[in-house]
Amino acid sequence: MKKSLKIALIIAKSANPKQMYKEYPLGIGYIGTVLKNANHIVRIFDQSIEFQDNTKLLKELLNFSPDVIGFSIMTSNYTNSIKILEMIKYNNLQSINFAGGVHPTLFAKECVEQGFDYVIKGEGEIASKQLVDAIFYTEDITKVSNIVYKSNNKIIENKTEKLNVDINSFPIVDRTLYSNEKYTKHSICTSRGCPFSCKFCFNFSNISTIKRGNRTRCIENVVSEIEYITSEFGNKEIFFTDDVFFNKISKVREFVELINKKRLSINFIAQLRADMITDEMCLLLKSIGCIKIEVGVETGSEIILKSACKGLSIEAIKRGIATAKKHNLRVKTNWIYGLPGSLSEQYKCIDLMLETKPNEISIHQLVPFPGTEYYEKREQYGIIIKDITNFDSFCYGTLDDNITYEYMSFDEYRQLLVDTIKALEKIGYKSSDNCTSDDMYIYSSPLEKRNLEIV
């Protein structure tokens with residue numbers, strides 16, 4: 001019988017000074033569940049809700065004394081992940097470590113050079129278990145696909161294999177791995193990948209080790225997860241993390257039918273594209289407890305929308321928001337200021353906000369994340385990154401002058417935000433810094449101290 005290992009999985013605190021939201025990290029949860037089901041002792045350390053001081057985290061790790069430490073890394077928490085790794089090594093914690101996630105997938109060799117023992121590229125459920133088995137049992141890591149490591153002072157990159165994994169074969173995430181009482185919402189992911197190709201978005205399937213496209217879980221699988229979390233951990237509101245909720249209205253119909261058949265009572269938030277918001281969609285969602293929908297509007301400019309390959313028209317956005325409001329669904333909209341386009345086109349955002357008047361407006365600076373077209377071809381689009389190694393600037397929430405634009409000066413950008421705020425407050429919007437849950441209309445921008453929470 002294989003020896004049980006102690007495995008710590010860490011999500012380091014982001015460089016974002018604002019607390020975006022508190023939902024449990026599902027990606028590391030899937031990996032933790034797979035490893036726990038393999039008879040290992042697993043703990044998740046999520047610095048978004050606990051052990052935010054690295055010294056306190058280190059103390060917990062020393063007490064736990066794990067055999068393996070895994071890091072889930074995005075660009076915005078990479079710097080802090082390295083700091084934690086250095087502290088672990090300085091304190092002689094004798095653990096094998098590995099890194100996975102978006103950033104290590106893109107910068108695998110750099111992560112190994114920075115001190116990680118192994119990097120897993122792409123989805124990690126299969127590779128993480130294979131890697132642990134290879135290190136501690138079979139001693140043959142050469143057969144594990146999609147990993148990068150150093151051997152005899154030379155970086156080795158094992159075979160890259162495009163996986164076509166049935167996501168229904170993965171276990172439901174074991175929520176006992178989280179400090180559930182510290183999370184304000186349940187979260188569920190019904191799919192992976194995205195059928196769209198917006199230039200500002202990191203579409204994992206574009207460059208990763210998975211089959212390109214959108215993979216959706218079967219309805220029975222999703223509903224089983226809802227039954228599990230609501231019966232075992234309380235009927236908190238559910239945030240569906242998918243960029244596009246089920247992607248097809250036929251799937252939504254199936255979902256509603258099964259929820260009703262099982263007589264489940266839930267409240268939830270769903271993210272939709274504006275052109276999916278029809279009368280039928282709203283009636284279906286409201287019938288089973290949808291309290292809010294979240295929509296990526298991005299801009300009020302038809303020219304910028306087309307340039308960014310959003311695949312939406314301004315008219316579709318207007319129609320979608322109006323339809324949702326007609327059915328008394330609260331509408332949160334996300335906007336990206338700084339998408340390539342002239343200053344006059346940027347100002348069209350204000351016009352669209354005032355005309356559609358969604359309940360929530362969340363404005364972010366364009367961040368050309370690694371892996372996106374705006375990062376890879378930034379010079380072509382007039383996007384300037386002063387220090388490409390300053391990964392702390394690659395996060396939403398603030399206004400950072402490490403990222404600027406040829407088509408709009410930093411001062412012009414700031415003035416655009418100021419003018420937006422004045423226009424919104426004139427018609428009754430409240431800032432996220434001083435709003436309450438009872439306020440009908442609220443906004444957040446890089447100039448605010450607080451972001452909008454997911455509810």
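All of the numbers you see were taken from the coordinates with simple rules; none came from a lab. Small disclaimer: the values here were computed from a predicted structure and weren't measured. Here Cβ is always computed from backbone atoms with ideal geometry, including for glycine, and neighbour counts include all displayed protein chains.
Computed over the range 242-334, the alpha-carbon pair-distance distribution with 5 angstrom bins reads 3, 14, 26, 24, 17, 10, 5, 2, 1, 0, each value a whole percent.
Dipole size in debye (nearest 20) for the chain around its Cα centre, Lys and Arg Cβ +1, Asp and Glu Cβ -1?
Details: 58 positive and 57 negative charges, 179 e Å.
Using only the charged Cβ atoms, the result is roughly 860 debye.
In the chain, a dipole from Cβ-located charges (positive for Lys and Arg, negative for Asp and Glu) runs towards its positive end, and of 63, 314, 32 it is 32 whose Cα lies farthest in that direction.
Among 410, 64, 369, rank each residue by its count of other Cβ atoms within 10 Å, from fewest to most, as a rough exposure measure.
Numbers: 410 13, 64 16, 369 20.
Ascending number of Cβ neighbours within 10 Å: 410, 64, 369.
The simple spin-label model puts a point 7 Å past each Cα toward its Cβ; for residue 26 and residue 64 those points are separated by 2.2 nm.
Based on every Cα atom in the range 287-381, Rg and the maximum pairwise Cα distance Dmax equal 14.3, 48 Å.
With pairing defined as another cysteine C-beta under 4.7 Å, the cysteines of the chain that fail it are 111, 189, 194, 218, 282, 290, 309, 349, 395, 435. Residues 333, 160, arranged from fewest to most other Cβ atoms within 10 angstrom of their Cβ, appear as 160, 333. The 3J(HN,Hα) values that the Karplus relation (6.51, -1.76, 1.60; θ = phi - 60°) gives for the range 64-78 are, in residue order, 6, 6, x, 7, 9, 10, x, 10, 9, 10, 10, 4, 6, 10, 5 Hz. Gly and Pro appear as x. Among the DSSP beta bridges whose two residues both lie in the range 6-157, what percent are antiparallel, rounded to the nearest 5? Among the beta bridges of the range 6-157, antiparallel pairing accounts for roughly 30 percent. Cross-link pairs exceeding 31 Å in C-alpha to C-alpha distance, out of 13/318; 3/150; 159/248; 18/262; 36/89; 36/143, comprise 13/318; 159/248; 18/262.
If only the Cβ of Lys and Arg carry +1 and only the Cβ of Asp and Glu carry -1, the dipole of the range 184-444 around its Cα centre is close to 1020 debye.
Here the scattering of the range 6-157 is modelled by Debye summation over its C-alpha atoms, one equal scatterer each and no solvent; at q = 0.12 Å⁻¹ the log10 of I(q)/I(0) is -0.45.
Among 87, 240, 347, flag the residue with its Cα farthest along the positive direction of the charge dipole of the chain, charges on Cβ as +1 for Lys/Arg and -1 for Asp/Glu. About the Cα centre, the residue reaching furthest to the positive side is 240. Rounded to 0.05, the FRET efficiency of the residue 153 and residue 439 pair, given R0 = 45 Å and the Cβ-Cβ distance, is 0.15.
Stokes-Einstein diffusion for the chain at 25 °C, viscosity 0.890 mPa s, with a Kirkwood radius from C-alpha pairs, works out to 106 µm²/s.
The alpha carbons of the range 325-428 stretch over 45, 25, 22 Å along the principal axes, in descending order.
Ranking 197, 270, 370 by how far each Cα lies toward the positive end of the dipole of the range 184-444 (charges on Cβ) leaves 270 at the top. What would the Debye equation give as log₁₀ I(q)/I(0) for the range 184-444 at q = 0.07, 0.17 Å⁻¹, counting only Cα atoms as equal point scatterers? Per q value, in the given order, log10 I(q)/I(0) is -0.26, -1.41.
To the nearest Å, what is the center-to-center distance of the range 304-365 and the range 145-159, using C-alpha atoms only? Taking the Cα centre of each part, the range 304-365 and the range 145-159 sit 45 Å apart.
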